[in-house]
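Report on the structure given below.
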Amino acid sequence: MGLKNIIFIFVFIAAFSFLFYNFKRIISYLRVGQPENRYDRVPERILNVFKVAFGQTKILRDPIAGPMHFLIFWGFMIFLFEVVESIIQGFYSPFTWEFLGGFYSLITFVTDLFSLFVLIAVLFALYRRYVQKVKRLELDKVAKTDATIVLSLILVVVIAMLGQNATQIAAHNFKLGEYEFRPISLALAHLLFPASTQNAGVYHEIFWWIHILTIFGFMNFLPYSKHFHVFTSIPNVYFNKLQPGKYAPKRLDFENEEIEQFGVLDVEHLTWKQLLDGYTCTECGRCVDACPAANTGKPLAPRDIMVSIRHRLEEKAPLLIKGEENEEIMNKTLVHNYISDEALWACTTCNACVYECPVTNEHLDAIIDMRRNLVLMESQFPAEVNPVFKNLETNFNPWAFNHQDRAAWAEGLGVKTMAEDSNTEYLYWVGCAGSYDARYQKVSKAFVKILQKAGVDFRILGTEEKCNGDTARRLGNEYLAEMLITENVETLNKYGVKKIVTTCPHCFNSIKNEYPQFGGNFEVIHHTELIDQLLKEGKIELKEEADVSKITYHDPCYLGRYNSVYDEPRDALTKIKGIELVEMEKSKDKSFCCGAGGGRMFMEETEGERINVVRTEQALETGADTIAAACPFCMTMLTDGTKAFDKEDEIAVKDIAEIVLEHIK
């Protein structure tokens, strides 16, 4: 064993000891959080890791940055062979992987090739930050410096690795091993040593040490960097909910008298997974790019939620673990001091941040939990929300309409209630807007007429139906939401309901994905799905001739991103003769929110641009004469948007049920 090996052993022990110290430190911080079971469904979790982490499916949603990151990620995965080989050489200098035979040829060639790819990708990343100055990458000085250090270290690693291989080849008189295939390194060796290879061996040792020390320095810098996701992203993807689109807030245990805190005020109230999200955030800004609030000048940036969780945890966790007191630190809280109330209330719960996050962070969990604290523990919420809560509690709808008038819209339509006859195929869940809103009552009637024409057997609950609880739940009033949900579940189970169809995506999502938490398990479909099914089955026939119309369809967040219903509404429209469907630039899973979700329907926008106006402008840019909607909230917001542009007489906003009914024979 030579001096090189002895020195390396000390360096190796020091580097990995410090790394394990930091792993232990951060794991102890995560244990400050609340317990949460994310250990089930192991095969699905492993499959998700292969799909999202290794397949980079979320990363590749960005056509520019996606391939760039893909090359860097897979470059480093492939470089692991070289890194491990170099580390083993630190213990035993003659070691190589050449005993792998033909596989070694593949390893050396792919490593050589990806060295070039990674160099190009890193240089492009630096160009985007410092020359092109992509807006979402314009971070604060510390974060920007952090990113520059990491990209620079990657450059050094790749250059040192190429130099190490090139000098090794030159030291052996440009002769590769029997199974070695390094065309780029070979060309570089000839370039570096055109006349003599006399000092190639010395340079090889220099490059080897640069490579090893940079790797060890890099891995120990990461725990103090926003790029700690290099270590945490794969575990974070593994522990993901597995159905981020079907977001369901966790149920609170109001029966447990030992629980003193409902919702999240500070980091110790978050779960360990939510704390891990904070460490995994790459600060890439994709969530900010997709966020309708951030894009219209509101004080919310989903990235800042994650970063604030990490910073607050780093500050407070050591004190909690040691049981120490620091008045300045302990008197602060995550909510209020790190994350403003205004930012939390600006969220429309559109799910775009969760959908776009390449490391599967769950921003909505944190935001809803923080709202719960504001409502349930502090009674601090926007003034406009107070009458909503009161109306939901007394009238079972967010407005002041009399509960006894809930079925008045159906008078004269021959619609039976479950109380009159519960022997039916479908329960039509009308929803609050469909029952009370004058405009959306027309949609309820249109859908009923379609069902009747198709011979579908259905009933409604009438006055036994109450608000689905979505608005109260998203606004953080879990207690009120649970009251509404449990009463609805009790009613539905009393009648033995099996299938439910609804015109409201918020009702659809709640009953389908959240009611099972409360003992309500039903087959739930959206009315656009049923209409498309009836058209395909020939149960309703369309006119052979129709006026030519150009229609653009707005994807509701709770139907699209939450439940992946994209094709059925479009299929129903394209079956109609004379209709030309034109897509907005932001459509399907990249659709821009209307601005009404998360209880924002009942709150004024006082900062920046109005979200619904921005979305309406996107619709107008298509040149369509009709905006097709599939949600009562969206219909209201888009109608108001056309008025803002003085286009209400030129551009119609109609539900798909209304459009289809107009074209039925």
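The values are calculated or read from the model by the stated rules, or taken from the named source; none is laboratory data. This one's a predicted model, so the numbers in the text were calculated from it and none came from an experiment. When we count neighbours, we look across all protein chains shown, and the Cβ atoms used for this are built from the backbone with ideal geometry, even at glycine.
Quick notes on this one:
- Figure legend. Inter-residue proximity from region 562-573: first residues part of a helix (DSSP H, G or I), second residues hydroxyl-bearing (Ser, Thr, Tyr), beta-carbon distance below 7 Å, spacing 6+ or different chains. Indicated pairs: Glu568/Thr528; Pro569/Thr528; Pro569/Tyr553; Arg570/Tyr553; Ala572/Thr528; Leu573/Tyr553.
- No other residue among Asn423, Asn395 is surrounded by fewer than 16 Cβ atoms within 10 Å (Cβ to Cβ) and without any contact (Cβ under 8 Å) to a residue 12 or more places away in the chain apart from Asn423.
- Selection from region 581-605 of residues that are over 19 Å from the mean Cα position of the chain (by Cα), in a loop (DSSP other than H, G, I, E, B) and surrounded by 18 or more Cβ atoms within 10 Å (Cβ to Cβ): Met584, Gly599, Met603
- The number of residues in region 83-105 being surrounded by 15 or more Cβ atoms within 10 Å (Cβ to Cβ) and not polar (S, T, N, Q) comes to 8.
- Scope region 289-303; condition part of a helix (DSSP H, G or I) and either in the same structural domain as Arg136 (by TED's automatic domain parsing) or surrounded by fewer than 21 Cβ atoms within 10 Å (Cβ to Cβ) (or both); matching residues: Asp289, Asn295
- Single condition Tyr338 does not satisfy, out of (1) closer than 25 Å to Asn22 by Cα; (2) surrounded by 21 or more Cβ atoms within 10 Å (Cβ to Cβ); (3) among the hydroxyl-bearing types (Ser, Thr, Tyr): (2)
- All positions within region 48-65 that are part of a helix (DSSP H, G or I) and either surrounded by fewer than 16 Cβ atoms within 10 Å (Cβ to Cβ) or among the polar types (S, T, N, Q) (or both): Asn48, Phe50, Lys51, Phe54, Leu60
- Selection of region 449-469 for residues being under 36 Å from the mean Cα position of the chain (by Cα), aliphatic (A, V, I, L, M) and within 15 Å of Lys416 (Cβ to Cβ) yields Leu451, Ile460, Leu461.
- Meets criteria (within 20 Å of Val32 (Cβ to Cβ), surrounded by fewer than 18 Cβ atoms within 10 Å (Cβ to Cβ) and not assigned by TED's automatic domain parsing to the domain that holds Ala596) for Met330: yes
- Subset of region 606-640 (residues that are in a loop (DSSP other than H, G, I, E, B) and without any contact (Cβ under 8 Å) to a residue 40 or more places away in the chain): Thr606, Glu621
- Some residue of region 82-98 being without any contact (Cβ under 8 Å) to a residue 12 or more places away in the chain, assigned by TED's automatic domain parsing to the domain that holds Leu137 and in a helix (DSSP H, G or I): yes
- Residue count for region 352-386, restricted to those that are in contact (Cβ under 8 Å) with a residue 60 or more places away in the chain and part of a helix (DSSP H, G or I): 21
- Note on region 492-506: residues that are surrounded by 17 or more Cβ atoms within 10 Å (Cβ to Cβ), over 21 Å from the mean Cα position of the chain (by Cα) and part of a helix (DSSP H, G or I) amount to 1.
- Selection within region 398-415 - surrounded by fewer than 20 Cβ atoms within 10 Å (Cβ to Cβ) and touching a residue at least 60 places away in the same chain (Cβ under 8 Å): His403
- Meets criteria (out of contact with any Phe, Trp or Tyr (no Cβ under 9 Å at 6 or more places or on another chain) and farther than 30 Å from Gln243 by Cα) for Pro63: no
- Selection within region 248-280 - of a type in the set (Lys, Arg) and surrounded by fewer than 19 Cβ atoms within 10 Å (Cβ to Cβ): Lys250, Arg251
- Residue within region 312-323 that is out of contact with any strand residue (DSSP E or B) (no Cβ under 9 Å at 6 or more places or on another chain) and either hydroxyl-bearing (Ser, Thr, Tyr) or closer than 27 Å to Val134 by Cα (or both) present: no
- Single match in Leu559, Leu534 (criterion: part of a loop (DSSP other than H, G, I, E, B) and crowded, with 17+ Cβ neighbours inside 10 Å): Leu559
- Gly476 vs. criteria under 18 Å from Glu523 (Cβ atoms), outside any helix (DSSP H, G or I) and small (Gly, Ala, Ser): no
- Residue among Ala624, Ala630, Ala652, Ala657 that is farther than 28 Å from Val385 by Cβ, buried (at least 24 other Cβ atoms within 10 Å of the Cβ) and touching a Ser or Thr at 6+ places or on another chain (Cβ under 8 Å): Ala657
- Scanning region 14-38 for residues that are closer than 16 Å to Lys316 by Cβ and touching a strand residue (DSSP E or B) at 6+ places or on another chain (Cβ under 8 Å) turns up Gly33, Gln34.
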